[in-house]
Amino acid sequence: MGLDEIRQPADLRQLSYPELDDLAGEIRDFIVRAVAENAGHLGSNLGVVELTLALHRVFESPTDAILWDTGHQAYAHKIVTGRQAGFERLRQPGGLSGYPNREESAHDVIENSHASTSLSYAYGLAVGRGLGANELRHIVAVIGDGGITGGMAYEALNNIGHSRQRVIIVLNDNGRSYAPTISNLTSGSSNPTLVSIDHPSLPDRITERLAHGLTSIRLNPVYVRRQRKLERFLRDLPYVGPQAEKGVEALKAAVREFLQPPSFFEALGVRYVGPVDGHDIEELERTFRNAEVLSAEGPIVVHVLTQKGRGYPPAEDDDEKHLHDAPVFDPIIGPPPAVVTGYTQAFAEAIIKEAEADPRVVAITAAMPGPTGLLPFQARFPDRFFDVGIAEQHAVAGAAGMALAGLRPVVAIYSTFLNRAWDQVVYDVALHRLPVVFCLDRAGITGPDGASHHGVYDMALLAKVPGMRVLAPSSAEELQVMLHDAIGLADDGPVAIRWPRGTAVHVAEHEVGSGLHARRARDGDGRVCLLAVGKLLTEALKAADLLATSGIAATVWDVRSCAPLDPEMIADAARHQVVITAEDGIRDGGIGMAIADLVSSANQQACVRVLGTPARFIPQGVAEGILTQIGLDAEGLAAAAREAL
């Protein structure tokens, strides 16, 4: 049975192990072709093919809930649950989502595209099952690609273990998030099965065999029952019972500590087994079936070792990220080397320049040094670079501590991921008026990753934080000036700079502003004033050209400083009949609303139209196309001005 004949998970159970190995190869080829044509997440999906097949042969989705964390490792899951045809439009408008999607399939329990949440979902589902709210048989949380480094995962583990919920946790350990995983719980390079070691020492070989043997024993239900019987016998011995029981427990703990890393999990009340070869389907199935039985006594974590990018040489050989994500490419030769471009490149150059001039400058990222442009900084200043893993809350609070210590921390993070550290931004940084600079990449409408990755909330939220200054560059040169200014402005408290994904505009020196001042980009005749935030300045200038064909000379301002707003810009706008604001962030409560209030206070006769993203979840698509649909392109701005006139 080939891939074309797989319509549902039940079809997998008819295959022999040699047939499954062939199927795994077909799935890998299918994923490579699909990503090569449409772009998407590659390495993480290539690494979980056998794991996915084993899960769907043992568990009966959707009767058994399989939760993927993070969701970008779910391509093989989508393939075997009847969505092969959808990969022709992977991550395209109206097409297949790059993450689990509840609207696509009953097999997608959660739409999980941010990391470290699956264990909390699993806990909640287990509670609901216990109270009779659902009829789920098993609840399986697959947490990988560094998801275990997130604080929520630890919180959920503690709660699951304490409450003894019947949850099966599959720790997909590929040693990576986007970059190498920042955690001592993962295997790193200690696994001789999956990492090339030419001549492992005799002690290493003995230890590995003992570890596998101990795992097999601990997975055996007969052993578990006998162990429980022995424990009861020792406990009931007259006089020496408690001491005997503690002695056996100490011996077991010593053996486990030497051979395996279970002590952390088991201290929380979660049984640990592993590590298991994540590319051996037969071993995986045997482990999962035993875990099914053992989970009746409480939660269990199965530690699975996989290789990110497995089976595709360009991904296996990519030292930075194992082709975690990839653009459109030729599948025969693989994608070109990843390089930062646009605004990210401008930031990468600027932060090195600032760090060379100011030894207080340090850089912090949450598992994404490459995409945020910090790899050159890490190479230049390794002692001043800090990757804290998928732990945005810790990144921001840690930056607060560094600022208290006299440093100038720059937190480089995606706009959408800053949402996870909102409490820390407000109460750990802003409340203390600390000199932290937030550099928010992928702000605004980002495109193919969909609703969870559009960075549309940062301006509206940050502008409400007392003392926070929010800057939005309209060009690469503006970004570099803003970063320089921000290091000085931070003396009075935090500063945030936000910029979009994609190509950056380049301008001459006289087209760059400074400090917290807006910049008038074009003078008009007093009828229409266009106030544009960040990348939308380009659209505003084009809109002014369109209006000029109708005899309307529009004034155009580059807002630059979203909080505080420049009083000179507000005063000039208030002299116009019509004022149009445009931002690639949430309209309700956004920067345009603040501008409208100030302009209306200065001139109640002015007609103000506020344009921004709507208060709804926007699906994946091409960023420019989405902006056109919601009226944030040049034609939309010009039409709004004509209508207001």
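Distance between the 7 Å Cα→Cβ label points at Asp588 and Lys464: 1.1 nm. What full-extension length gain, to one decimal in nm, is calculated for Glu624 and Thr549 as 0.36 nm per residue of separation minus the Cα-Cα distance? Going from the current span to full extension adds 24.6 nm. Calculated FRET efficiency, Arg289 to Arg102, Cβ-Cβ distance, R0 = 22 Å: about 0.20 to the nearest 0.05. Put the Cα centre of the stretch 478-539 next to the Cα centre of the stretch 56-79 and the gap is 45 Å.
Compared with the direct C-alpha span, the chain from Arg609 to Glu19 gains 206.2 nm at full extension, assuming 0.36 nm per residue. Working note: Cα gyration tensor of the stretch 1-120, eigenvalues times five, square-rooted, sorted largest first, giving semi-axes of 20, 18, 13 Å.
Between Arg164 and Val127, residue separation times 0.36 nm minus the direct Cα-Cα distance comes to 12.3 nm. Which FRET efficiency, nearest 0.05, do Leu598 and Arg642 yield, Cβ-Cβ r, R0 22 Å? Efficiency for this residue pair is about 0.35.
Based on every Cα atom in the stretch 523-644, Rg and the maximum pairwise Cα distance Dmax equal 13.4, 40 Å.
For the chain, the number of Lys pairs separated by eight or more positions or lying on different chains, with C-alpha atoms closer than 28 Å, is 8. Relative to one another, the C-alpha centroids of the stretch 259-308 and the stretch 602-636 are positioned 49 Å apart.
Remark: the stretch 510-524, residue by residue, has Karplus-estimated 3J(HN,Hα) of 6, 9, 10, x, 7, x, 9, 9, 6, 10, 7, 8, 7, 8, x Hz, where x stands for each Gly or Pro and the curve is 6.51 cos²θ - 1.76 cosθ + 1.60 at θ = phi - 60°.
Taken along the Cα-to-beta-carbon direction at a fixed 7 Å, the label points for Trp422 and Phe617 span 1.6 nm. Let a ≥ b ≥ c be the square roots of the eigenvalues of the Cα gyration tensor of the stretch 342-498; is it rounded (a/c under 1.5), or, if not, prolate (a/b larger than b/c) or oblate? In terms of gyration-tensor shape, rounded.
Using Stokes-Einstein with the Kirkwood hydrodynamic radius over Cα pairs, what translational diffusion coefficient do you get for the stretch 1-68 at 10 °C and a viscosity of 1.306 mPa s, in µm²/s rounded to a whole number?
124 µm²/s
Protection proxy ranking, highest mean first, for peptides 72-80, 354-362, 368-376: 72-80, 368-376, 354-362, where packing is the per-residue count of other beta-carbon atoms within 10 Å, averaged. With the simple spin-label model, which puts each label point 7 Å out from Cα in the Cβ direction, the Gln577 to Asp317 separation comes to 6.5 nm. Hydrodynamic estimate: the Kirkwood radius of the chain over Cα pairs, inserted into Stokes-Einstein at 10 °C and 1.306 mPa s, corresponds to D of 59 µm²/s. R0 = 35 Å: FRET efficiency of Thr538 with Asp29, Cβ-based, nearest 0.05? With a Förster radius of 35 Å, E is 0.30.
Values in this text are rule-based calculations from the coordinates and carry no lab data. Keep in mind that this is a model prediction, so the values were computed, not measured. Note: ideal-geometry Cβ built from the backbone for every residue, glycine included; neighbour counts use all protein chains shown.
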